[in-house]
Amino acid sequence: MGAAELTAGRRPARRYRSPRREQQARRTRARIIAAAARQFLACGYAATTMRAVAADAGVALPTVELAFGTKARLLKAVIDTAIAGDDEPAPMLARQWATRAESMTVAAEFAAVFAQQLTDSARRAAGMTLVALEAARADEDIAAVAAQLMTQRQVMAAWLVDSLLRRSPLREGVDRAAATDTVWALMDPALFCRLTGDRHWSPARFRHWFADATLRLLLPVPGQQATATVSAQELP
């Protein structure tokens, strides 16, 4: 019997999966991300080294490099995990909070759910996002990460506006593009850090302010519903 016949009669090799090893790998990844977050916040992006992250996490340097490749990718993983609250590979708009928001029929209730999620994410990720935006001025790899973060904020802002439009017209003189720009600005992580840091706002105050500001800036004031509806229909 030839080698080809032996190969043809051989069953495909089965991949061995060990749930225990996978769980251990996830725990190691989580430790590295937590350690990196501490290092980036304490030292800044430029001064943080992969070796320092490895030492903080209690793992070997090759373990960090194998899991994330570059420092820029590590920072992106830290920010993504902070925004979502976990490292599950699920898009933000496919998560439970988005489903709950979509179930709200009233614009104010929808805005309240969005504001809660934004505030929760900002408490975990705003500081790290500012680290990335600051580092982007001098680092091409981080500039790419910063561009991704800006795009993500644009997507979220547009989703909020489109969701509000399914529940209410926009106020007179405000089109979809202007509304998206307004929400994009309100979502700026620097704004959250300034208000909760420099101005000593509580996260709850920021949450209520964001929802209220969004509704006041985008939706018709009482008595302008009919005018706003016509205006919204005429907008391109």
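The values are calculated or read from the model by the stated rules, or taken from the named source; none is laboratory data. Computed from a predicted model, the values in this text were never measured in an experiment. FYI the Cβ positions are ideal-geometry reconstructions off the backbone, even for glycines, and counts take in every protein chain you see. Surface accessibility is based on the protein's heavy atoms, side chains included, excluding ligands, DNA and RNA. Shrake-Rupley method; radii C 1.70, N 1.55, O 1.52, S 1.80 Å.
Among the residues of the range 62-74, not a single one is at pLDDT 90 or above, exposed (fewer than 11 other Cβ atoms within 10 Å of the Cβ) and within 17 Å of Leu133 (Cα to Cα). Of the residues making up the range 170-190, one or more are open to solvent by less than 30 Å² (accessible area, probe 1.4 Å), farther than 24 Å from Cys43 by Cβ and not aliphatic (A, V, I, L, M).
Suppose we filter Met128, Met104 for residues that are surrounded by 16 or more Cβ atoms within 10 Å (Cβ to Cβ), in a loop (DSSP other than H, G, I, E, B) and not aromatic (Phe, Trp, Tyr); which single one remains? Every option except Met104 fails the conditions. When the test is whether a residue is at pLDDT below 95, crowded, with 17+ Cβ neighbours inside 10 Å and assigned to a helix (DSSP H, G or I), Ala232 passes it. Just one of the listed residues (Tyr45, Tyr16) is more than 24 Å from Ala125 (Cβ to Cβ) and modelled with pLDDT under 95, and it is Tyr16. Taken together, the residues in the range 49-94 that are farther than 22 Å from Arg27 by Cβ, in a loop (DSSP other than H, G, I, E, B) and over 11 Å from the mean Cα position of the chain (by Cα) amount to 2.
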